[in-house]
Each structure stands twice: as C-alpha cells, then as structure tokens.
Amino acid sequence: MAIQTFEVAIGGDTLSAEYGRLAHQANGSLTMRLGDTVVLATVVMNTQPRDGIDYFPLMVDYEEKLYASGKIKGSRFIKREGRPTDEAVLSGRLIDRAIRPLFPDVLKNDVQVILTVLSQDERNDADIIGLNAASAVVAISDIPWDGPVAAVRVGRIGGEWVLNPSYEARETSDLDLVVAGTAEKVIMLEAGANEVTEDDMIAAIIYAKKHIGKIISFIENIQSSVGKQKIDTTAIVSNHAEESAEATDETAKDTEALKIAEEFIRSHIDEYLFVGPMKAKGERKATLKKLTQALEAYLLEQQIGKDKRKKCLELVNPLTEERVTRAILDEDKRVDGREITEIRSLSAVVGFLPRTHGSGLFQRGETQVLSAVTLGAPGDQQIIDGMEEEYKKRYMHHYNFPPFSVGEASPLRGAGRREIGHGALAERALEPVLPKKEDFPYTMRVVSEVLGSNGSSSMGSVCGSTLALMDAGVPISKPVAGIAMGLASDSKGAWKVLTDLQDMEDGDGGMDFKIAGTKDGITAIQMDTKTDGLHDELIKQTFFQAKEARLKILDVMASAIAEPRAELSQYAPRIYTLHVNPDRIRDIIGPGGKTINEIIDKTGVDIDIEQDGTVLVTGTYDNKVDDALKMITDLTREVVAGEVFTGKVTRVESFGIFVEILPKQDGLVHVSKMGEKGPDAWHVGDPVEVRVSGIDDLGRINLALEGVEVVDRPRPPMRPRSDRFSGGGGRDHHRRP
C-alpha cells in the first residue's frame, strides 16, 4: 500500500495526516500529527448487525501510552498501563459525542474507533488531534457516515482569542472551549470558563467555526484521495432481513401490519399523553404501558401473529417521541403541562447530614441529588500521574448514579464512563469559584449521590455541590447553578428550545445542552445533539434562555443558604500555619523522617511542609494540635539573648554543663556562669533554670544559671578531642563543646 501524506496550516502550525503505513486490516486507519504529538486512529465495523437492540453500538476508546511521553509508570509493582485514566475516559467521551450523531439510525453493527496516542509533546493536547483523526478515519472507511466533522480548541488570553492554545497558554486563559462540527453547524461543545458572559461565549464559538471549515476541507481532501466506497445501508438492512427470514421462516417486515399499528397509535396517542399534566416519570411510563397494551389487544383482534405484533409494538416509543415533538412545535404543549421556558419545582436544603463537614440536598422535579463535602489536609490531595504530566488536585468531585435512582435493579459496579464524565463536568463548573490555596489550604472532596434522576442529574450535582460547599464553610466566591436545555426540531427546520429537559423530550431532533455558571457568567458547558448540528441563532437562544433559568435556580438556592458559613463544622479538621526559616525544615523532618514521624505519632496530626518554609498542621479537636505546634516551634525557633528556659542537663563536663533548652538545641553553662555551684553539683537529667546570655558567631548558645549575674565572653574555638581520634590514617571526629 502506498504511503500518502496530507498537510494543512492551522493557526500557525501544520496539521498532517499519513495514510498507508499502519494497521492495514482495519476498515480505516491513519495517523495524525500536530507538532510532535501523533495519534493513530483506527475504525472497525463488524460484518453482522447485533440482534435485539434499539441503539447504535458505537465504541470510542482513547488509549494513552506512557511511552508516548517517555515515561515509565510510577508504581513499583505494576508497569503496564492499566484501566484508562479519567482523562482518557473524558477524551473518549468527547470524541464519541462529536461523531455519533452522523451515523445512520438503521446501523446496528458494532463499530469501534480506537485513538492511540503514539507520541506526546509538551505543547499540543492529543484530544483535539484525536477527534480530527477519528473524523478522518471514519470518513475514509467504507462505514456509512454523514461526516466529516472537525474540532478546534479556543482560549482567551488578554482579551484575545487563541486557537488551539498550548498547555502553558491554557494556564493563563479564562476559557477552555472545544467546538466540534461543520463550518455551518455545531455538533458538540465542551467548555470550562471563568465566568465568561453569554455574548463572549457565542463569539468564541463563531471564531472556532471559521477555523473548523479549513480542517473539514483538509479531511475531505484525504477522503477523496484514499477513501473507500461507502457500504449501502439499505443493503445491510436487507441482508440481515433475509438471514432472519431464513432462520425463522417469517417475514422480517410486514408492511400491512406496521401500517395498521401506526394508524392506531396516531389516532389514540393523545388520549394517553395529554389527558392531563403528567408530572411524574412513573405516570408517563404507566401511560405508555397502557398504550402498548391497547395496541396489542387491537392487533390480536386483527388476527396479527405474535412475531409481527412484536415488531408493531416497537413503534410505540418512536411515534410517542414524534408526537411529543410535534406538540411542542405546533402547540407549545409539553407532556407535564409546563410552559416551554418553565422549570420544574425546585427545593434546596443544607445541613442535611449531622456528621459530615457539609451537605446539600437539591431537587428539581424528580431529579434529586445529595452532595456531601469532606475537608482534608493539604497532603490529602490526589496525585495525577498522567501521560502528559504529574500534578495534584486539591478539589475533587465524585458522582455516583445507583440503579434505584431510575427505579431499576442491577449490580453495583465501579464508576463507569458516564459517572466519570458527569462528575468531571460538575467539578469543572465549581473550580472558578473555589478559594485560592493560600487563603484556604484544605483539600476538598465532594461526593454527589443521585437519589432520583429524570433530566440532568449532572446539573443537579452542580447545585448540590454549591450548597454543600457553602454549608461546610468553604469560602467560594459565588454560588454556581446548572440547567439542562433541550430541543424540539423537525426536518423542515422548525425548532424550539426547551428549558429543563426531561425523559420523553430527549428524542430524535433533540439536544442535551448543559450550562452551569454564576449570576455573572458561564463556568462550564457540555452539549451533544441528535441532529446534524445547531446553527448560531439556536445556540444564542439556548444561552439566554438558560441564563434566565440559572438565575431562578440561584434564587431558590439562596433561600436555603445565601453565603458560605462563617465557621467550619465542628467535625472538620483545622489547619494551622507556621512559617519557619527554610534552613530549619531539616530539623522538623529529622534523619530519615524520624522527627516528623515522632510528632505525628504522638499528636495524631497531619503535617505538610512547603519549600518556602510554610508548615501546615492539620488536626481535629481530638488531636493534640497545640502540642504539635509547640514541638515544631521549639524545633525551629531562634533563641535570643535574655530568654529564660527550664531545661534538662544532657552532659556534665569539668568546664560546665550542657543543657537542652529546646528539642535538639543545647547550650553550655560555663563554670564561670554557675555562681557558687560547680559542675559536680549536677547530674544528667536534672532540671535547671537557665538564661540565654548570648549567641556566638558560630550559632552556639551560651547559658547562665538564672540569677547569676555574669558578663558573656566569646567561647574558645573547638579543638579535636584526643579520646575521639580515629587512628590508622582516619580523620578527626569531634563534637561541639
């Protein structure tokens, strides 16, 4: 196979793709490169559809390889890459949401896209390269798809838009926005922002689309040069139908039976959907069940067989979604009786749990989220050992979605891709309002338990997190709330944006547009759609409609707690800060960590030390925090002349006694400063009250017995002691007298 290379200039850099070198047995494969970051993209489709499913089985896997950045896994025992990191999961979800909407609905074959990071530089993030590579590889394959799409990242530094900013540049940007779509429409959005206004966010999206068009042309050029002929989706469906007919001796599709069923559903559906406002999800489920039962009874009367009836009953859900959409577009009517811009009933409660450091219970309609805050020492930060870099997280949000939240029974497992994604979104939404480490050095962990779900539990966890943090006394700058916006649209271009999306309203032609922020601006966005993309006017309407809803939610939250509590919970640890001479840090740590471990063992506190000499001591009222602070202070304090100490004799010599006045700090009481007593009057371990008479140029402490008036004189220089000499060509060993 001939190797071909394609290039395009993007934002002053060169984006290149190479075809024909790697992974020839996949339906499509290529590598894409920006700078020294290289991603291998492959796509494979199984030849046979999967039976008994009503969804498209797409898998997108983003593989981080540590060799790509020249790293070996930090664990002493496990060196192979294990389960995907949270960052890899989030990158995979980002790509999935961008390419999924453009696959045909009839496709039920398993399709797997794998993005493998082969090389990683310190400038270009592989997620955007991977998304564009995924689009290109599906475009050149024989798999049916209505792409391509393309993606860029947008930042803003000093008021200026920056295309695909580097890692370093993103640290100073007040916006991190990823836009995927075509030159005309947006298919996927992901953003974190420092209270960016709606107008500025719209301007950033428009800026991104200008550059997306150039990458689209680049991918189309690759497709026209090396792309395979697309498989006809009608051939896939008909082939599967023939195989099914052979196996069951029945026709896979009976046009007459389906027509009868469709006429029945269309003529009776309003009797079930709009008999009255159905506020509860359970009511709507029960209504659809009744409609299904009525249809089955009618089909029995028409003497339609079991297998055909099964096919006919599958029409209930899609036709219901279609009717819900038409009612919204034509009549401004929602199944639960709400107005188009109306939010469901809201409630907020704080202090719900008695022993947590902070808790908040937020409910919107049937979506109910309980968030709890735990405050910890600085050393409780999470260390992230990623492919790009190692860093620490002092704020974490973990999102749990148990099966009972949607009335189901299923095995409890670890966090899945959805839980990781929703948790990260809510985490990102709160990050801009968190206090700086210098002002609030605690490690913060929020756990959101979804107790009921019907419409954006992720945005519910944003609200719950805000309530819990304020209840815990975390001094966030402003409360943050979130709302999910939906869409009703048809193939003719009619559309209406829905405030507070829920169950039946998330059908074909819809979107899930989550927006979180404060009263002053947006802090996080996540959008995906079941359309071929959103145009600018629709996006503008969504932003301003969402802001109106967000302000209403913030008002309800303020009625529960208007600002962070002035005091931390009595059960939360306290952090005390000391500043010591950086040269004295070694005195706190001790040889091999012996000293610091002794303090921790005796007092039960946590101790964190910064290189600048900042010492953070964390403990509860049950810990001996005061003792720990005194130990550290005594280890590091600089004594001054005139101070009086009650010390302990540690050594007796003919010329005087050595007294430990502070831990690890001895001084000498010379015979000339002992008054009438001589050294023989003292024994090791005796308590003695002494006064600092002076400190010499070598830092040695000179002492006098308290009450003895003496004039301090310089101590003579140290000399090797003959009894400490190590012969045989060795060296002199001496201790300071």
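The values are calculated or read from the model by the stated rules, or taken from the named source; none is laboratory data. Keep in mind the model is a prediction, meaning the values are calculated, not measured. Using ideal geometry, Cβ is built from the backbone for each residue, glycine included, and neighbour counts are taken over all protein chains shown.
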Subject >> Residues that are over 19 Å from Arg428 (Cβ atoms), assigned to a helix (DSSP H, G or I) and β-branched (Val, Ile, Thr), drawn from segment 77-109 >> reply: Ile99
Original post:
So, in segment 385-414, of the ones that are free of Cβ contacts under 8 Å to residues at least 12 places away in the same chain and among the basic types (Lys, Arg), which residue ends up farthest from Gln363 (Cα to Cα)?
Top reply: Lys392
**OP:** Return yes when Lys478 is at pLDDT 95 or above, under 30 Å from Glu537 (Cβ atoms) and part of a loop (DSSP other than H, G, I, E, B) and no when it is not.
**Re:** yes
**OP:** Hey, can you tell me all the residues within segment 22-72 that are farther than 18 Å from Val89 by Cβ and of a type in the set (Phe, Trp, Tyr)?
**Re:** Tyr55, Phe56, Tyr67
**OP:** Give the residue, chosen from Val39, Val60, that is in contact with a Gly (Cβ under 7 Å, 6 or more places away or on another chain), in a strand (DSSP E or B) and over 18 Å from Trp145 (Cβ atoms).
**Re:** Val39
**OP:** List every residue pair whose Cβ atoms lie under 6 Å apart, where the two residues are 6 or more positions apart in sequence or sit on different chains, the first residue falls within segment 365-384 and is closer than 16 Å to Gly351 by Cα and not assigned by TED's automatic domain parsing to the domain that holds Asp606, and the second residue, located anywhere, is assigned to a strand (DSSP E or B) and of a type in the set (Asp, Glu).
**Re:** Leu370/Glu449
Original post:
Considering Thr614, Thr650, Thr636, which residue is within 22 Å of Asp696 (Cα to Cα) and in contact with a Leu (Cβ under 9 Å, 6 or more places away or on another chain)?
Top reply: Thr636
**OP:** Output yes when any residue across segment 723-734 is outside the structural domain of Lys594 (by TED's automatic domain parsing), of a type outside the set (S, T, N, Q) and at pLDDT 90 or above, and no when none is.
**Re:** no
Subject >> Residue satisfying condition, being under 25 Å from Glu419 (Cβ atoms), of a type outside the set (Lys, Arg) and buried (at least 21 other Cβ atoms within 10 Å of the Cβ), within set Ile95, Ile129 >> reply: Ile95
Subject >> Checking Ala169 against (1) surrounded by fewer than 22 Cβ atoms within 10 Å (Cβ to Cβ); (2) touching a residue at least 40 places away in the same chain (Cβ under 8 Å); (3) outside any strand (DSSP E or B), the condition it does not meet >> reply: (2)
Subject >> Of all residues making up segment 415-450, the number that are among the hydrophobic types (A, V, I, L, M, F, W, C), within 22 Å of Gln363 (Cα to Cα) and surrounded by fewer than 19 Cβ atoms within 10 Å (Cβ to Cβ) >> reply: 0
Subject >> Tally of residues being farther than 29 Å from Lys108 by Cβ, modelled with pLDDT of 75 or more and within 42 Å of the chain's Cα centre (by Cα) across segment 237-279 >> reply: 1
**OP:** Go over the candidates Thr603, Thr542, Thr595, Thr529 one by one and state the one that is of a type outside the set (Phe, Trp, Tyr), crowded, with 16+ Cβ neighbours inside 10 Å and closer than 30 Å to Ile476 by Cβ.
**Re:** Thr542
Subject >> Residue that is nearest to Met444 (Cα to Cα) [pool: residues in segment 373-410 that are at pLDDT 95 or above and in contact with a helix residue (DSSP H, G or I) (Cβ under 6 Å, 6 or more places away or on another chain)] >> reply: Val373
**OP:** Exactly one condition in (1) surrounded by fewer than 17 Cβ atoms within 10 Å (Cβ to Cβ); (2) among the hydroxyl-bearing types (Ser, Thr, Tyr); (3) touching a helix residue (DSSP H, G or I) at 6+ places or on another chain (Cβ under 8 Å); (4) under 19 Å from Thr443 (Cβ atoms) is not met by Thr618; state its number.
**Re:** (1)
Subject >> Any strands (runs of 3 or more DSSP E) falling wholly within segment 570-660 and containing at least 2 residues that are farther than 26 Å from Val671 by Cα and hydroxyl-bearing (Ser, Thr, Tyr) >> reply: 574-579, 614-619
Original post:
Out of (1) assigned by TED's automatic domain parsing to the domain that holds Glu689; (2) touching a Phe, Trp or Tyr at 6+ places or on another chain (Cβ under 7 Å); (3) surrounded by 19 or more Cβ atoms within 10 Å (Cβ to Cβ), the odd one out for Gly656 is which?
Top reply: (2)
